[in-house]
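What follows is a short report on a single structure.
The values are calculated or read from the model by the stated rules, or taken from the named source; none is laboratory data. Being a predicted model, the structure only gives us computed values, none of them experimental. Every residue, glycine among them, receives a Cβ derived from its backbone with ideal geometry; neighbour counts consider all protein chains shown.
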């Protein structure tokens, strides 16, 4: 099972309500997966700065004074905003590698990196995870969420979705990949960092690897149809928008809705019923083996561009 | 007309109310409002009643239906009409995957499109789709009729037995052991009857019939590679 939701806003006046709308959609999908929940939200970028979301199981000790250590490592001021087990680091642009090294030494996990992306995910029900991070209060341009019924790996924070792929990119998955062990070995040989035994992380790493080798996101998604074996409906978030792709068999459900105000994705229609204007929205199922993409950017960059 | 607000009554209580109707009930017209994509709406009915759902439904609406007519004024989720035995289901919008799977009898009408695996393992149900159908439709179909006024996706009728398929538009590809067949007078008459019953205005002569080539019925060592 697993439940996926996604919301891409066209109407800027809805941006302050993104967290509230996306959280409600995700809670509706709770009975598709009670193990862990997560949300990726794109809240807009700040010039000259970038962000990292980090996580620790003992946040009080791990995050105390962290900004001092990281400021020293970056050579420029770093600020920190702690939210439960997660913290958002506001860091100087270009210092991601240095900060990551310092965090690795401290044993603090990186959930996401990018100019706009923040990822919050934990073990538990969507309503509890949402409350823990005050997700309803978040604003943004677009976001995706996931509630997990674990099949391929343990129920842990790091096994929760979304998975960060490249900068400002993330992936959620409904399904299971059957060739993830061999693909993980191959990608590790190629130097790709893969942390867990989770199948979806391999899917995310695969997309990262493809894009590092010059593929656009759309090309990477298209080639995933050949190289990934198993069942999947993927929703991929980027700085400018989100993309959807289903495997050719398309067992895993997907429903989309579009109005002048938004494009929404849900594993089931139930997730969409409280969106404004849903009664008159265009509602359809994405076709199998077809890459769909929506972007805020009319001229997306090579990595942001789909097909 | 009995109206049930699903958001107030709840699914179990609503289905119980419908299950309590018998062949002699005088409450034959029911309306369900606020379905909001809920699962298993009007599942397991067994009475000559007419239920109209005002909105879109989730998984397994009208599954195992007997005698009843279920109208869905919206789109229907996966597995709608699964194992239908008799009666009729009319979907005004689109239908999701595996519509009418394993259905033994009765009729399902879709005014929009049906998704993948429509009529998978059908065993006697008649399905009439005004739009298109997705891939792997009528896989292992054993009997009954699947009528498609639009186009069919990949692998239509793969490994089918004696189910008949009538498609007006194009077929992206035929499944293993499914072939194009001659449209004889008896098929035109049959198809006209199905279209009339479904309330769809289309000319039977524009359709092509497909069915089993019957080469997979018995084991043939030359087919070993296909298993």
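Of note:
- Of the helices (runs of 4 or more DSSP H) lying entirely inside the stretch A:1-82, those containing at least 2 residues that are more than 26 Å from residue A:265 (Cα to Cα) and in contact with a helix residue (DSSP H, G or I) (Cβ under 8 Å, 6 or more places away or on another chain) are A:66-74.
- Residues in the stretch A:92-105 that are in a helix (DSSP H, G or I) and either in contact (Cβ under 8 Å) with a residue 40 or more places away in the chain or under 18 Å from residue A:60 (Cβ atoms) (or both): A:96, A:99, A:100, A:103.
- Members of the stretch A:109-121 that are surrounded by 19 or more Cβ atoms within 10 Å (Cβ to Cβ) and either at pLDDT 95 or above or out of contact with any helix residue (DSSP H, G or I) (no Cβ under 8 Å at 6 or more places or on another chain) (or both): A:111, A:112, A:114, A:116, A:117, A:118, A:119, A:120, A:121
- In the stretch B:106-130, of all residues being part of a loop (DSSP other than H, G, I, E, B) and either in contact with a helix residue (DSSP H, G or I) (Cβ under 8 Å, 6 or more places away or on another chain) or more than 18 Å from residue B:210 (Cβ to Cβ) (or both), the one that is farthest from the other protein chains (Cβ to nearest Cβ) corresponds to B:106.
- Residue under evaluation residue A:191, criteria (1) within 14 Å of chain B (Cβ to nearest Cβ); (2) more than 28 Å from residue B:133 (Cβ to Cβ), criterion not met: (1)
- Filter result for the condition that a residue is over 20 Å from residue B:137 (Cβ atoms) and in a loop (DSSP other than H, G, I, E, B), over B:103, B:37, B:81: B:37
- Scanning the stretch B:77-105 for residues that are crowded, with 21+ Cβ neighbours inside 10 Å and within 14 Å of chain A (Cβ to nearest Cβ) returns B:77, B:78, B:79, B:80, B:91, B:94, B:95, B:96, B:97, B:98, B:99, B:101.
- Of all residues making up the stretch B:131-143, the number that are away from chain A (no Cβ under 14 Å) and surrounded by fewer than 24 Cβ atoms within 10 Å (Cβ to Cβ): 3
- Residue check, residue B:158 within 14 Å of another protein chain (Cβ to nearest Cβ), touching a strand residue (DSSP E or B) at 6+ places or on another chain (Cβ under 7 Å), touching a residue at least 12 places away in the same chain (Cβ under 8 Å) and at negative phi: yes
- Residues of the stretch B:1-34 that turn out to be outside any helix (DSSP H, G or I) and surrounded by 15 or more Cβ atoms within 10 Å (Cβ to Cβ), as a count: 8
- When residues of the stretch B:61-76 are limited to those that are surrounded by fewer than 22 Cβ atoms within 10 Å (Cβ to Cβ) and more than 12 Å from chain A (Cβ to nearest Cβ), the one farthest from residue B:11 (Cα to Cα): B:67
- Taken together, A:221, A:207, A:225, A:217 contain a single residue that is in contact with a helix residue (DSSP H, G or I) (Cβ under 8 Å, 6 or more places away or on another chain) and closer than 30 Å to residue B:76 by Cβ, which is A:221.
- Checking A:160, A:131 one by one, the residue that is under 24 Å from residue A:88 (Cβ atoms) and crowded, with 24+ Cβ neighbours inside 10 Å is A:160 and no other.
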